[in-house]
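The values are calculated or read from the model by the stated rules, or taken from the named source; none is laboratory data. No experiment lies behind these values; they were computed from the predicted model shown. Note that we place each Cβ from the backbone using ideal geometry, even for glycine, and neighbour counts take in every protein chain shown. The protein model used for the area step is the full one, side chains on, heavy atoms only, and it has no ligands, DNA or RNA in it. Shrake-Rupley method; radii C 1.70, N 1.55, O 1.52, S 1.80 Å.
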Amino acid sequence: MPSYVVVGASRGLGYTFLKVLATDPNNTVIGLVRDDVAVQKRLVEDGLTSVRVFKADVTNLEELKAARTNIEEVVGGIDYLICNAVYKTTATLLRNLAEYPDDLDYLETEISKSFKVNVVGLINTINVFMPLVQRSSIKKIIALTSGMGSCAFTNDSGIDGGIPYSVSKAAVNMLVAKYNVTYKSEGVLTMGICAGSVDTFEGERPSFSEKDTARFGEFGTKLQAYSARFAGPVPPEDGARQLLKVMHASSIEGGNGGTCVSYFGSTSQWL
Ligand SMILES: NC(=O)c1ccc[n+]([C@@H]2O[C@H](COP(=O)([O-])OP(=O)(O)OC[C@H]3O[C@@H](n4cnc5c(N)ncnc54)[C@H](OP(=O)(O)O)[C@@H]3O)[C@@H](O)[C@H]2O)c1
(Lines give C-alpha, C1' and ligand atoms only; values in the text may rest on other atoms or scores of the structure.)
Protein backbone atom coordinates (compact mmCIF):
# COMPACT_ATOMS: atom_id res chain seq x y z
CA MET A 1 0.00 0.00 0.00
CA PRO A 2 2.01 3.05 -1.14
CA SER A 3 1.38 6.13 0.99
CA TYR A 4 0.99 9.60 -0.50
CA VAL A 5 0.90 12.85 1.47
CA VAL A 6 -0.19 15.91 -0.53
CA VAL A 7 0.55 19.21 1.20
CA GLY A 8 -1.74 22.09 0.24
CA ALA A 9 -4.55 19.87 -0.97
CA SER A 10 -7.71 21.95 -0.60
CA ARG A 11 -8.18 22.87 -4.27
CA GLY A 12 -6.46 23.07 -7.65
CA LEU A 13 -3.79 20.51 -8.39
CA GLY A 14 -3.50 19.53 -4.72
CA TYR A 15 -7.12 18.40 -4.45
CA THR A 16 -6.89 16.78 -7.87
CA PHE A 17 -3.90 14.71 -6.72
CA LEU A 18 -6.10 13.36 -3.91
CA LYS A 19 -8.86 12.53 -6.39
CA VAL A 20 -6.59 10.82 -8.91
CA LEU A 21 -4.59 8.89 -6.31
CA ALA A 22 -7.75 7.69 -4.55
CA THR A 23 -8.89 5.91 -7.71
CA ASP A 24 -6.36 3.17 -6.86
CA PRO A 25 -7.65 1.36 -3.75
CA ASN A 26 -4.10 0.18 -3.01
CA ASN A 27 -3.01 3.74 -2.24
CA THR A 28 -3.18 5.35 1.18
CA VAL A 29 -3.92 9.00 0.40
CA ILE A 30 -3.56 11.83 2.90
CA GLY A 31 -4.08 15.54 2.29
CA LEU A 32 -2.88 18.42 4.45
CA VAL A 33 -5.06 21.50 4.26
CA ARG A 34 -5.66 24.73 6.14
CA ASP A 35 -9.43 24.22 6.44
CA ASP A 36 -9.84 20.53 7.20
CA VAL A 37 -13.60 20.79 7.88
CA ALA A 38 -14.36 22.31 4.47
CA VAL A 39 -12.14 19.85 2.59
CA GLN A 40 -13.55 16.87 4.50
CA LYS A 41 -17.03 18.01 3.39
CA ARG A 42 -15.88 18.35 -0.22
CA LEU A 43 -14.36 14.86 -0.17
CA VAL A 44 -17.59 13.34 1.16
CA GLU A 45 -19.60 15.17 -1.54
CA ASP A 46 -17.22 13.76 -4.16
CA GLY A 47 -17.45 10.24 -2.71
CA LEU A 48 -13.75 10.20 -1.82
CA THR A 49 -14.22 8.65 1.60
CA SER A 50 -10.92 6.77 1.66
CA VAL A 51 -8.89 10.00 1.65
CA ARG A 52 -7.74 11.28 5.06
CA VAL A 53 -7.20 14.98 5.68
CA PHE A 54 -5.38 16.74 8.47
CA LYS A 55 -5.05 20.41 9.23
CA ALA A 56 -1.73 22.13 8.54
CA ASP A 57 -0.62 25.53 7.33
CA VAL A 58 2.93 25.21 6.02
CA THR A 59 3.92 28.38 7.86
CA ASN A 60 2.86 26.86 11.19
CA LEU A 61 5.41 24.39 12.59
CA GLU A 62 3.16 23.28 15.45
CA GLU A 63 0.37 22.35 13.03
CA LEU A 64 2.82 20.48 10.81
CA LYS A 65 4.16 18.53 13.78
CA ALA A 66 0.63 17.69 14.94
CA ALA A 67 -0.13 16.49 11.40
CA ARG A 68 3.01 14.34 11.50
CA THR A 69 1.70 12.62 14.65
CA ASN A 70 -1.65 12.01 12.93
CA ILE A 71 0.00 10.68 9.78
CA GLU A 72 2.25 8.39 11.79
CA GLU A 73 -0.85 6.76 13.26
CA VAL A 74 -2.24 6.05 9.77
CA VAL A 75 0.95 5.02 7.94
CA GLY A 76 4.35 4.05 9.30
CA GLY A 77 6.28 6.05 6.74
CA ILE A 78 5.62 8.43 3.86
CA ASP A 79 6.45 6.96 0.45
CA TYR A 80 5.60 10.06 -1.59
CA LEU A 81 5.60 13.57 -0.11
CA ILE A 82 4.07 15.99 -2.64
CA CYS A 83 4.75 19.61 -1.64
CA ASN A 84 2.13 21.53 -3.56
CA ALA A 85 1.18 24.53 -1.36
CA VAL A 86 1.71 27.90 -2.97
CA TYR A 87 1.07 31.60 -2.53
CA LYS A 88 0.53 33.33 -5.89
CA THR A 89 -1.49 36.28 -7.14
CA THR A 90 -2.69 37.34 -10.57
CA ALA A 91 -2.02 41.01 -9.76
CA THR A 92 1.73 40.48 -9.53
CA LEU A 93 1.81 37.97 -12.40
CA LEU A 94 0.99 40.76 -14.83
CA ARG A 95 3.51 43.39 -13.62
CA ASN A 96 7.19 43.61 -14.46
CA LEU A 97 9.90 45.32 -12.40
CA ALA A 98 9.33 48.67 -14.12
CA GLU A 99 5.70 48.68 -13.04
CA TYR A 100 6.15 49.37 -9.35
CA PRO A 101 7.13 53.05 -9.63
CA ASP A 102 5.35 54.26 -6.51
CA ASP A 103 4.64 51.06 -4.65
CA LEU A 104 7.86 49.15 -4.13
CA ASP A 105 6.57 48.46 -0.62
CA TYR A 106 3.74 46.43 -2.22
CA LEU A 107 6.32 44.41 -4.16
CA GLU A 108 8.29 43.84 -0.95
CA THR A 109 5.16 42.63 0.87
CA GLU A 110 4.29 40.23 -1.95
CA ILE A 111 7.84 38.86 -2.09
CA SER A 112 7.77 38.30 1.69
CA LYS A 113 4.43 36.49 1.51
CA SER A 114 5.65 34.33 -1.38
CA PHE A 115 8.86 33.40 0.42
CA LYS A 116 7.03 32.66 3.66
CA VAL A 117 4.75 30.06 2.04
CA ASN A 118 6.66 28.86 -1.03
CA VAL A 119 10.18 28.76 0.39
CA VAL A 120 10.12 28.70 4.21
CA GLY A 121 6.89 26.68 4.09
CA LEU A 122 8.65 24.11 1.89
CA ILE A 123 11.57 23.87 4.32
CA ASN A 124 9.14 23.47 7.24
CA THR A 125 7.26 20.75 5.38
CA ILE A 126 10.27 18.72 4.30
CA ASN A 127 12.07 19.01 7.63
CA VAL A 128 9.02 18.03 9.70
CA PHE A 129 8.13 15.05 7.51
CA MET A 130 11.65 13.83 6.71
CA PRO A 131 11.67 11.33 9.63
CA LEU A 132 8.57 9.65 8.14
CA VAL A 133 10.03 9.73 4.61
CA GLN A 134 13.23 8.12 5.92
CA ARG A 135 11.18 5.15 7.18
CA SER A 136 9.85 4.41 3.68
CA SER A 137 11.52 2.14 1.17
CA ILE A 138 10.44 4.50 -1.67
CA LYS A 139 11.40 7.92 -0.19
CA LYS A 140 10.30 10.42 -2.87
CA ILE A 141 9.88 14.13 -2.14
CA ILE A 142 8.44 16.26 -4.93
CA ALA A 143 8.24 20.05 -4.82
CA LEU A 144 5.82 21.53 -7.33
CA THR A 145 7.85 24.18 -9.10
CA SER A 146 7.63 26.32 -12.21
CA GLY A 147 9.59 27.25 -15.29
CA MET A 148 8.92 30.79 -14.05
CA GLY A 149 11.77 30.12 -11.61
CA SER A 150 14.20 29.34 -14.44
CA CYS A 151 16.54 32.08 -15.76
CA ALA A 152 16.71 30.34 -19.16
CA PHE A 153 12.91 30.21 -19.46
CA THR A 154 12.63 33.88 -18.49
CA ASN A 155 15.21 35.00 -21.05
CA ASP A 156 13.91 32.74 -23.79
CA SER A 157 10.20 33.48 -23.30
CA GLY A 158 10.54 37.19 -22.53
CA ILE A 159 8.11 36.83 -19.62
CA ASP A 160 9.14 39.52 -17.15
CA GLY A 161 6.13 39.54 -14.82
CA GLY A 162 5.40 37.39 -11.77
CA ILE A 163 8.36 38.68 -9.77
CA PRO A 164 7.38 37.36 -6.28
CA TYR A 165 6.29 33.96 -7.63
CA SER A 166 9.30 33.56 -9.93
CA VAL A 167 11.96 34.44 -7.37
CA SER A 168 10.32 32.16 -4.82
CA LYS A 169 10.27 29.25 -7.32
CA ALA A 170 13.94 29.94 -8.19
CA ALA A 171 14.60 29.48 -4.47
CA VAL A 172 12.53 26.26 -4.48
CA ASN A 173 14.74 24.96 -7.30
CA MET A 174 17.83 25.64 -5.21
CA LEU A 175 16.27 24.00 -2.14
CA VAL A 176 15.60 20.71 -3.91
CA ALA A 177 19.29 20.59 -4.88
CA LYS A 178 20.34 21.29 -1.28
CA TYR A 179 18.02 18.58 0.10
CA ASN A 180 19.29 16.19 -2.54
CA VAL A 181 22.91 16.71 -1.55
CA THR A 182 22.11 16.23 2.14
CA TYR A 183 19.83 13.19 1.87
CA LYS A 184 20.57 11.30 -1.36
CA SER A 185 23.03 8.97 0.40
CA GLU A 186 20.04 7.75 2.44
CA GLY A 187 18.11 7.07 -0.76
CA VAL A 188 15.81 10.09 -0.50
CA LEU A 189 14.89 11.49 -3.93
CA THR A 190 14.18 15.22 -3.75
CA MET A 191 13.26 16.97 -6.97
CA GLY A 192 11.09 19.69 -8.45
CA ILE A 193 8.49 19.16 -11.15
CA CYS A 194 6.94 22.06 -13.05
CA ALA A 195 3.21 21.67 -13.61
CA GLY A 196 3.30 23.33 -17.04
CA SER A 197 0.07 25.22 -17.51
CA VAL A 198 -2.96 23.85 -15.67
CA ASP A 199 -6.33 25.56 -15.33
CA THR A 200 -6.74 25.36 -11.56
CA PHE A 201 -9.06 28.32 -11.21
CA GLU A 202 -12.16 27.46 -9.16
CA GLY A 203 -15.35 29.47 -8.74
CA GLU A 204 -16.51 32.51 -10.62
CA ARG A 205 -13.79 34.02 -12.78
CA PRO A 206 -12.90 37.60 -11.83
CA SER A 207 -13.31 40.27 -14.45
CA PHE A 208 -10.12 41.99 -15.53
CA SER A 209 -9.51 45.53 -16.72
CA GLU A 210 -8.95 46.08 -20.42
CA LYS A 211 -5.24 46.60 -19.72
CA ASP A 212 -4.93 43.35 -17.77
CA THR A 213 -6.91 41.41 -20.39
CA ALA A 214 -4.42 42.67 -22.99
CA ARG A 215 -1.53 41.63 -20.70
CA PHE A 216 -2.99 38.13 -20.36
CA GLY A 217 -3.16 37.96 -24.16
CA GLU A 218 0.47 39.04 -24.41
CA PHE A 219 1.43 36.43 -21.80
CA GLY A 220 -0.27 33.68 -23.86
CA THR A 221 1.38 34.90 -27.06
CA LYS A 222 4.81 34.71 -25.40
CA LEU A 223 4.12 31.17 -24.19
CA GLN A 224 3.07 30.14 -27.69
CA ALA A 225 6.19 31.72 -29.18
CA TYR A 226 8.31 29.87 -26.59
CA SER A 227 6.82 26.50 -27.44
CA ALA A 228 4.89 25.39 -30.48
CA ARG A 229 3.46 22.51 -28.40
CA PHE A 230 1.75 24.93 -25.97
CA ALA A 231 -1.99 24.78 -26.58
CA GLY A 232 -3.27 26.56 -23.47
CA PRO A 233 -3.87 25.33 -19.93
CA VAL A 234 -4.88 21.69 -19.46
CA PRO A 235 -7.63 20.47 -17.08
CA PRO A 236 -6.42 19.67 -13.52
CA GLU A 237 -6.89 15.89 -13.89
CA ASP A 238 -4.71 15.75 -17.00
CA GLY A 239 -2.10 17.89 -15.25
CA ALA A 240 -2.11 15.79 -12.07
CA ARG A 241 -1.88 12.48 -13.96
CA GLN A 242 1.06 13.73 -16.02
CA LEU A 243 2.91 15.00 -12.93
CA LEU A 244 2.40 11.68 -11.13
CA LYS A 245 3.73 9.88 -14.18
CA VAL A 246 6.93 11.95 -14.08
CA MET A 247 7.23 11.45 -10.31
CA HIS A 248 6.85 7.68 -10.57
CA ALA A 249 9.39 7.48 -13.41
CA SER A 250 12.01 9.55 -11.55
CA SER A 251 14.73 8.11 -9.35
CA ILE A 252 18.11 8.82 -7.85
CA GLU A 253 19.57 6.07 -10.05
CA GLY A 254 18.06 7.80 -13.10
CA GLY A 255 19.89 11.03 -12.20
CA ASN A 256 16.81 12.99 -11.12
CA GLY A 257 17.92 13.84 -7.58
CA GLY A 258 18.13 17.60 -7.04
CA THR A 259 16.87 18.40 -10.53
CA CYS A 260 13.85 20.41 -11.60
CA VAL A 261 12.05 19.06 -14.61
CA SER A 262 9.08 20.00 -16.72
CA TYR A 263 5.81 18.04 -16.78
CA PHE A 264 7.34 15.95 -19.56
CA GLY A 265 10.65 15.39 -17.77
CA SER A 266 12.91 17.95 -19.48
CA THR A 267 15.44 20.01 -17.50
CA SER A 268 15.61 22.71 -20.18
CA GLN A 269 12.25 22.95 -21.98
CA TRP A 270 9.36 24.03 -19.74
CA LEU A 271 6.35 23.94 -22.04
N1 LIG B 1 -1.50 25.77 -12.18
C2 LIG B 1 -0.43 25.88 -12.95
O3 LIG B 1 -0.51 26.14 -14.17
C4 LIG B 1 0.94 25.69 -12.36
C5 LIG B 1 2.06 25.85 -13.19
C6 LIG B 1 3.33 25.63 -12.68
C7 LIG B 1 3.47 25.25 -11.36
N8 LIG B 1 2.37 25.12 -10.56
C9 LIG B 1 2.59 24.74 -9.16
O10 LIG B 1 1.69 23.70 -8.80
C11 LIG B 1 1.28 23.88 -7.45
C12 LIG B 1 -0.24 23.92 -7.37
O13 LIG B 1 -0.70 25.01 -8.15
P14 LIG B 1 -2.25 25.36 -8.26
O15 LIG B 1 -2.42 26.15 -9.50
O16 LIG B 1 -3.05 24.13 -8.05
O17 LIG B 1 -2.42 26.34 -6.98
P18 LIG B 1 -3.77 26.88 -6.30
O19 LIG B 1 -4.97 26.47 -7.06
O20 LIG B 1 -3.53 28.33 -6.04
O21 LIG B 1 -3.81 26.09 -4.90
C22 LIG B 1 -2.84 26.40 -3.95
C23 LIG B 1 -2.98 25.42 -2.80
O24 LIG B 1 -2.01 25.80 -1.81
C25 LIG B 1 -2.67 25.91 -0.56
N26 LIG B 1 -2.00 26.84 0.33
C27 LIG B 1 -1.79 28.17 0.14
N28 LIG B 1 -1.15 28.68 1.21
C29 LIG B 1 -0.94 27.65 2.08
C30 LIG B 1 -0.35 27.54 3.35
N31 LIG B 1 0.19 28.61 3.97
N32 LIG B 1 -0.32 26.33 3.96
C33 LIG B 1 -0.87 25.25 3.35
N34 LIG B 1 -1.46 25.29 2.15
C35 LIG B 1 -1.49 26.48 1.52
C36 LIG B 1 -4.07 26.39 -0.92
O37 LIG B 1 -4.93 26.17 0.19
P38 LIG B 1 -6.08 27.23 0.65
O39 LIG B 1 -7.32 26.82 -0.08
O40 LIG B 1 -6.15 27.04 2.11
O41 LIG B 1 -5.61 28.60 0.23
C42 LIG B 1 -4.36 25.50 -2.12
O43 LIG B 1 -4.76 24.20 -1.72
C44 LIG B 1 1.95 25.15 -6.96
O45 LIG B 1 3.13 24.85 -6.23
C46 LIG B 1 2.27 25.90 -8.23
O47 LIG B 1 3.36 26.77 -8.10
C48 LIG B 1 1.12 25.33 -11.04
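Observations on the structure shown:
- Residue match in segment 137-146 (condition: within 13 Å of the ligand (Cβ to nearest atom) and in a loop (DSSP other than H, G, I, E, B)): yes
- Single unsatisfied condition, residue 3 versus (1) over 19 Å from residue 86 (Cβ atoms); (2) open to solvent by less than 10 Å² (accessible area, probe 1.4 Å); (3) within 15 Å of the ligand (Cβ to nearest atom): (3)
- Exclusive hit being open to solvent by 10 Å² or more (accessible area, probe 1.4 Å), more than 27 Å from residue 112 (Cβ to Cβ), of a type outside the set (Val, Ile, Thr) and not in a loop (DSSP other than H, G, I, E, B), set 70, 26: 70
- Members of segment 90-110 that are at pLDDT 95 or above and within 15 Å of the ligand (Cβ to nearest atom): 92, 93, 110
- All positions within segment 199-225 that are within 16 Å of the ligand (Cβ to nearest atom), open to solvent by less than 90 Å² (accessible area, probe 1.4 Å) and not in a helix (DSSP H, G or I): 199, 200, 202, 203, 206
- Residue count, segment 226-268 (criterion: part of a loop (DSSP other than H, G, I, E, B), farther than 21 Å from residue 83 by Cβ, over 18 Å from the mean Cα position of the chain (by Cα) and in contact (Cβ under 8 Å) with a residue 12 or more places away in the chain): 5
- Number of residues in segment 29-42 that are part of a helix (DSSP H, G or I), within 9 Å of the ligand (Cβ to nearest atom) and touching a strand residue (DSSP E or B) at 6+ places or on another chain (Cβ under 6 Å): the value is 1.
- Residue within segment 48-61 that is touching a residue at least 60 places away in the same chain (Cβ under 8 Å), near the ligand (Cβ under 10 Å from one of its atoms), touching a strand residue (DSSP E or B) at 6+ places or on another chain (Cβ under 8 Å) and closer than 22 Å to residue 118 by Cβ present: yes
- Filter result for residue 177 (at pLDDT below 95, surrounded by fewer than 21 Cβ atoms within 10 Å (Cβ to Cβ) and among the aliphatic types (A, V, I, L, M)): no
- Scanning segment 158-172 for residues that are closer than 15 Å to residue 122 by Cβ and open to solvent by 30 Å² or more (accessible area, probe 1.4 Å) turns up 165, 167, 170.
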